[in-house]
Amino acid sequence: MASPPPPRLCVTGGGGYIASWLVKLLLSRGYAVHATVRDPSDPKNAHLRQLDGAPDRLFLFKADVLDRDALAAAAAGCEGVFHVASPVPADKVVDPEAEVLGPAVKGTLNVLEACSANNIQKVVVVSSTAAVQLNPSWPQDRIKDESCWSDKDFCLKNGDWYAASKTIAEETALEYGDKNGVIVATVCPCVVLGPLLQPVVNTTSELLVYIIKGGPRVMKNVPWNVVDVRDVADALLLVYVKVESSGRYICAPNRICTKDIVNLLKKAYPNYNYVNCDDMDYESAITPVASEKLKNLGWKPRKIEETFLDSTEHYEKAGLLQDLEGCPCRLPHLFQFASHK
C-alpha cells in the first residue's frame, strides 16, 4: 500500500527570517509546506529551495497579504496556517497606513478569511511583545504576561506604528477566531536573534551587527528581551500541534542589557570595535515579560549565550561584519530609542 501523503501546512511570508526557520523545521518533521512569497523566482527566496526536503515537499506560491484570492489558493489543501508575514520597518515610516498598518491588519484579516474559505480550523499568528509592552497603566512592579496589551491609542499618538500594527492585528485575529469558529493562537516574540537562512539582513539582526561593529552612536545600556529564531520556530509548531493551545503566548525567555551583550561577545570575539555604551540604569525602560504559559506547554528555549555566539559566527561567515565602503553601519530606526542622538 502507498503511504498516505504528508500533512500540508501553509506559511505566509515564507522567505522571511522567522518563516524560513519555520519552513526548515516543518520540512524536517515531514510536513509538506505551502509557502507564500511575493516572487518565487526572486534570488532572495532561493535559500528555501535548498532546504532538506524542499524538492519533494515545498511549494512556493506567489501571494501578497493584501491579495485574499492568492492567499486562498496558497492555503488550499492545507490543514493549518502560520501567518508570519508582517512588515518590520527598518527605516522611518513615511506612510503608516500603506507601509505598516494596512499590510499588518488587513493582511491578517485576509489570511483568516482565506482559512475560512478553505475550512482550515487552526491558525497560528506571529505577533510581537510590541503588542504587550506599551501599556502605561500597567503596574510598574508587575511582570507583564498575556493579559497585558499595548495601548493602541498610546502607540498611535506616539507614532509607534509597528507596535500599533502588531496590537491591532493581534486583536483582530483573536476576535475573528472567536466569531468565526477558527482556533487562533498568537505567539509574541521579543527581539529575535540567531543565524540567518535568508540572504537579506533583517531588522533585528541589523541591531546586533551595529552593536558588534561599533556604529557611530553611543548606545544606552537598555535591557533587551531576546529570543532565538530557532526557538521561535519551535514555539510556533508546538502551539500548532498542542490541542489545548489557545489565545496568546509570549515568547521572551531571556533578558540582557547592551553592555552585557558587548562583554559576552568580547570574550569569544575580541577583535571587533563594538559599540560604546553609557553606564546609566534603564531597567524600567523595557519591563520584563513572562513566558511561563509557553513553557508550560513544553517549550524549552536555548541559553542566551548560544544565540549570541551562533549569531556572530554566522555574521562572520556571511561577511556581514566587514567594513564595506559606501555601506555605513546603521542602527535601524525601530531601535533608535536605545541610542543617544
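The values are calculated or read from the model by the stated rules, or taken from the named source; none is laboratory data. Predicted, not measured: the structure shown is a model, and the values here were computed from it. Neighbour counts are summed over all protein chains in view; Cβ atoms, including those assigned to glycine, are modelled from backbone coordinates with ideal geometry.
Quick check on my filter: what residues within the stretch 243-272 are among the aliphatic types (A, V, I, L, M), assigned to a loop (DSSP other than H, G, I, E, B) and either free of Cβ contacts under 8 Å to residues at least 60 places away in the same chain or in contact with a helix residue (DSSP H, G or I) (Cβ under 6 Å, 6 or more places away or on another chain) (or both)? Of everything in the stretch 243-272, just one residue is among the aliphatic types (A, V, I, L, M), assigned to a loop (DSSP other than H, G, I, E, B) and either free of Cβ contacts under 8 Å to residues at least 60 places away in the same chain or in contact with a helix residue (DSSP H, G or I) (Cβ under 6 Å, 6 or more places away or on another chain) (or both), namely V243.
When R142, R68 are checked against the criterion of being among the charged types (D, E, K, R) and surrounded by fewer than 17 Cβ atoms within 10 Å (Cβ to Cβ), a single residue qualifies: R142. If the condition is being within 20 Å of L208 (Cα to Cα), touching a strand residue (DSSP E or B) at 6+ places or on another chain (Cβ under 9 Å) and free of Cβ contacts under 8 Å to residues at least 60 places away in the same chain, then the stretch 273-312 contributes C277, K303. Taking the criterion of being in contact with an Asp or Glu (Cβ under 7 Å, 6 or more places away or on another chain) and farther than 17 Å from W21 by Cβ, the residues of the stretch 290-311 that qualify are A290, K293.
Candidates A72, A35, A90: the one that is outside any loop (DSSP other than H, G, I, E, B) and more than 16 Å from Q198 (Cα to Cα) is A72. Residue-level analysis places P253 among those that are at pLDDT 95 or above and closer than 30 Å to V124 by Cα. In this structure, T108 does not satisfy being buried (at least 19 other Cβ atoms within 10 Å of the Cβ), in contact (Cβ under 8 Å) with a residue 60 or more places away in the chain and touching a Pro at 6+ places or on another chain (Cβ under 8 Å).
Could you tell me whether the stretch 273-281 includes any residue that is closer than 25 Å to C148 by Cα and either touching a helix residue (DSSP H, G or I) at 6+ places or on another chain (Cβ under 7 Å) or not polar (S, T, N, Q) (or both)? Taking every residue of the stretch 273-281 in turn, at least one turns out to be closer than 25 Å to C148 by Cα and either touching a helix residue (DSSP H, G or I) at 6+ places or on another chain (Cβ under 7 Å) or not polar (S, T, N, Q) (or both). In the stretch 224-279, the qualifying residues are those that are surrounded by 18 or more Cβ atoms within 10 Å (Cβ to Cβ) and among the small types (G, A, S), and the one that is nearest to L207 (Cα to Cα) is A252. Summed over the stretch 213-225, residues that are more than 22 Å from S291 (Cα to Cα) and at pLDDT 95 or above total 3. Inspection of the stretch 299-313 finds no residue satisfying the criterion of being under 13 Å from K220 (Cα atoms) and not in a helix (DSSP H, G or I). Counted as qualifying within the stretch 114-184 are the helices (runs of 4 or more DSSP H) with 2 or more residues that are within 23 Å of the chain's Cα centre (by Cα) and farther than 18 Å from S284 by Cα, namely 152-157, 161-180. Residues that are over 15 Å from H34 (Cβ atoms) and of a type in the set (D, E) within the stretch 75-127 comprise D91, D95, E97, E99, E113, listed in sequence order. Residue count for the stretch 1-30, restricted to those that are closer than 25 Å to D67 by Cα and either without any contact (Cβ under 8 Å) to a residue 24 or more places away in the chain or aromatic (F, W, Y) (or both): 2.
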